[in-house]
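The values are calculated or read from the model by the stated rules, or taken from the named source; none is laboratory data. Bear in mind that the values here come from a model prediction, so they are computed numbers and not experimental data. We place every Cβ from the backbone using ideal geometry, glycine too, and count neighbours over all the protein chains shown. Surface areas here come from the heavy atoms of the whole protein model, side chains and all, with no ligands, DNA or RNA. Shrake-Rupley method; radii C 1.70, N 1.55, O 1.52, S 1.80 Å.
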Amino acid sequence: MDVQEDYTGHVEPGGPAARRTLGALTITKISVGPMDNNAYLLVCRATGEALLIDAAAEPERLSDLVGHGPDRPRLKTIVTTHQHADHWQALGAVAEANGADTIAHALDAGPLPVPPDRLVDHGDTIRVGDAELSVIHLRGHTPGSIALVHHDPEGHPHLFTGDSLFPGGVGKTSSPENFTSLLDDVSSRIFAELPDDTWFYPGHGDDSTLGEQRGHLDEWRSRGW
């Protein structure tokens, strides 16, 4: 698979993956499936252990992303950010092919094609080799949507938001109550806790930073979406 090293946060459906290298992890982003879903492969640089966020579609391309040679990363864990089907079409195939454990929040576990091996909640920790990800429960897009944050000791935080936060607004919700719940959680559990230089990686489309979006929170609340 073609992997670009000049990471910008933009990938194209069917196009090359893009990788950025941190002190503890590499993060490789790829777009898969007809809904331009982002999948993220995190690899611990010290141990070679890997974690995949959202095995959304195209299991063959996701397998190519992990690699096939003897020096490929060991895909130990697959995290599903929420229950919507466009985020788990390849989950069963990729988990079986790699012997990977699957993780999700209990409130979104029911619709998944394979029962999660581990259920997580707000404040839990998921390990990727020597690195850690903290779980943030964001209620509103779905009942059990989660985000994951890696606090890079050599730089800024890296936040994987699923479909709960995008450049330009929070994720789609089905009622005013769910919208308020999601925006409240995004405000208190993300923007109030993390700095402006936090880089976030959404479930579709391009990345952004919290600093680029922070000034729009009141606008999002006023418009109601």
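What pairs come up if the first residue lies in the range 92-112 and is within 21 Å of Glu58 (Cβ to Cβ), the second is open to solvent by 20 Å² or more (accessible area, probe 1.4 Å) and part of a helix (DSSP H, G or I), and their beta carbons are under 7 Å apart, counting only those six or more places apart or on different chains?
Matching pairs, first to second residue: Ala93/Pro59; Val94/Pro59; Val94/Ser63; Ala97/Ser63.
Condition check ((1) polar (S, T, N, Q); (2) within 15 Å of Gln213 (Cα to Cα)) across all residues:
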residue	(1), (2)
Ser145	yes, no
His150	no, no
Gly162	no, no
Pro167	no, yes
Gly171	no, yes
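Filter the range 146-182 down to residues that are more than 18 Å from the chain's Cα centre (by Cα) and at pLDDT 95 or above, then give me how many there are. Walk me through how you get there before you give the answer.
Residues of the range 146-182 more than 18 Å from the chain's Cα centre (by Cα): 153-155, 173-181.
Applying the additional criterion that residues be at pLDDT 95 or above yields 155, 173-181.
Residues in the range 146-182 being more than 18 Å from the chain's Cα centre (by Cα) and at pLDDT 95 or above: 10 in total.
Would the range 46-59 turn up any residue that is open to solvent by less than 10 Å² (accessible area, probe 1.4 Å) and not hydrophobic (A, V, I, L, M, F, W, C)?
In the first step, residues of the range 46-59 are kept if they are open to solvent by less than 10 Å² (accessible area, probe 1.4 Å); the result is 50-56.
Next, only the ones that are not hydrophobic (A, V, I, L, M, F, W, C) stay: 54.
Taking every residue of the range 46-59 in turn, at least one turns out to be open to solvent by less than 10 Å² (accessible area, probe 1.4 Å) and not hydrophobic (A, V, I, L, M, F, W, C).
Report, by residue number, each residue of the range 19-50 that is over 16 Å from Gly203 (Cβ atoms), in contact with a strand residue (DSSP E or B) (Cβ under 7 Å, 6 or more places away or on another chain) and not in a loop (DSSP other than H, G, I, E, B).
Scanning the range 19-50 gives Arg19, Arg20, Leu25, Thr26, Val43, Cys44, Glu49, Ala50.
Before we move on, is Gly33 open to solvent by less than 10 Å² (accessible area, probe 1.4 Å), touching a residue at least 40 places away in the same chain (Cβ under 8 Å), over 17 Å from Ala131 (Cα atoms) and not acidic (Asp, Glu)?
Details: open to solvent by less than 10 Å² (accessible area, probe 1.4 Å): no; touching a residue at least 40 places away in the same chain (Cβ under 8 Å): yes; over 17 Å from Ala131 (Cα atoms): yes; not acidic (Asp, Glu): yes.
No; evaluated as a whole, the condition is false for this residue.
Please go through the range 4-18 and pick out each residue that is in contact (Cβ under 8 Å) with a residue 40 or more places away in the chain and in a strand (DSSP E or B).
Passing the criteria: only Ala17.
Do we find that Ala55 is part of a loop (DSSP other than H, G, I, E, B), in contact with a Leu (Cβ under 6 Å, 6 or more places away or on another chain) and not charged (D, E, K, R) in this structure?
Values: part of a loop (DSSP other than H, G, I, E, B): yes; in contact with a Leu (Cβ under 6 Å, 6 or more places away or on another chain): yes; not charged (D, E, K, R): yes.
So Ala55 fits the description; yes.
Quick one: how many residues across the range 67-105 are closer than 22 Å to Lys172 by Cβ and either at pLDDT below 95 or loosely packed, with under 15 Cβ neighbours inside 10 Å (or both)?
Summing the residues that are closer than 22 Å to Lys172 by Cβ and either at pLDDT below 95 or loosely packed, with under 15 Cβ neighbours inside 10 Å (or both) in the range 67-105 gives 1.
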